[in-house]
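This report concerns only the one structure given below.
The values are calculated or read from the model by the stated rules, or taken from the named source; none is laboratory data. Because the structure is predicted, anything quoted here is derived from the model rather than measured. Here the Cβ is made from the backbone with ideal geometry for all residues, glycine too, and neighbour counts use every protein chain on show. Heavy atoms of the whole protein, side chains included, go into the accessibility calculation; ligands, DNA and RNA do not. Shrake-Rupley method; radii C 1.70, N 1.55, O 1.52, S 1.80 Å.
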Amino acid sequence: MDRMMSEVRAWQKDPASFLTSRGLKPQFSRIPKAEDKVYVLIIEGFLIFNYRPLNELMDKRYFLVIPYELCKKRRCSRVYTPPDPPGYFDGHVWPMFLKNRKEMEETVTDLVYLDGMKCSEDLFSAVYEEVLLEIQKQLDAD
């Protein structure tokens, strides 16, 4: 987490230089005002909300929810080296997910829950529109 925080801070300090130093090019689309360059950093992972210093930096928080059966099916369809031992999902993965989700829900505000049963295009579209609104709101405040 310390390394991730270091990376996030470097990005916050100078997003364009951060991207360039990693061989990436900033990409802009549908910028609310042509003269503004807006940088958006997306951090993903279900434990990111449980790390308060990182969580406090976020403007928007999304949590994808899927039922146990689908989560188990997806996890069991992945190939790991070494492979998960028998019963690992039910004995470790799912209980730890529930523990961390409970902790997250007790400490994190403003979570937007997304229905993981919806198609990815619909989920992307909904999040994209909310992010654009957040950008516009911050630009208007400046």
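Of the solvent-accessible surface of segment 11-126, computed with a 1.4 Å probe over protein heavy atoms with every protein chain present, carbon and sulfur atoms account for 56 percent.
Two numbers describe the Cα atoms of the chain: Rg and Dmax, which are 18.0, 56 Å. Modelled spin labels at Cys76 and Met117, positioned 7 Å past Cα toward Cβ, are 1.9 nm from each other.
Might you tell me the accessible area per residue for the chain, computed with a 1.4 Å probe and given in Å²?
Values: 10510 Å² over 142 residues.
Here the residues of the chain average 74 Å² of exposed surface.
With contributions of -39500 (n - 2.57) from each DSSP H run of at least four residues, the per-residue ellipticity at 222 nm computed over the chain stands at -15000 deg cm²/dmol. Can you give the accessible area of Ser6 in Å² (nearest 10), computed on protein heavy atoms with a 1.4 Å probe? Ser6 has an accessible surface of roughly 70 Å² with all protein chains in place. Leu123 contributes an accessible area of around 30 Å² to the protein surface, as traced by a 1.4 Å probe with all chains present. A Förster radius of 25 Å, combined with the Cβ-Cβ distance separating Glu103 from Lys60, puts the computed FRET efficiency at roughly 0.80. Around the Cα centre of segment 70-137, unit charges on the Cβ atoms of Lys, Arg, Asp and Glu (plus for the first two, minus for the last two) sum to a dipole of about 480 debye.
Protein chains only, probe 1.4 Å: how do Phe49, Phe18 rank by accessible area, largest first? Kindly include the intermediate steps, with their values, before the conclusion.
Working: Phe49 10, Phe18 30 Å².
Reading off the accessible areas and sorting them downward yields Phe18, Phe49.
Using the alpha carbons alone, the radius of gyration of segment 96-142 stands to its Kirkwood radius in an Rg to Rh ratio of 1.11.
Extension gain for the segment Ser6 to Ile43, taken as residue separation times 0.36 nm less the Cα-Cα distance, is 12.0 nm to one decimal.
Beyond a 29 Å Cα-Cα separation, which of these cross-linked pairs lie in this structure: Lys25/Lys137; Lys73/Lys99; Lys13/Lys137; Lys13/Lys72? Those over the limit are Lys13/Lys72.
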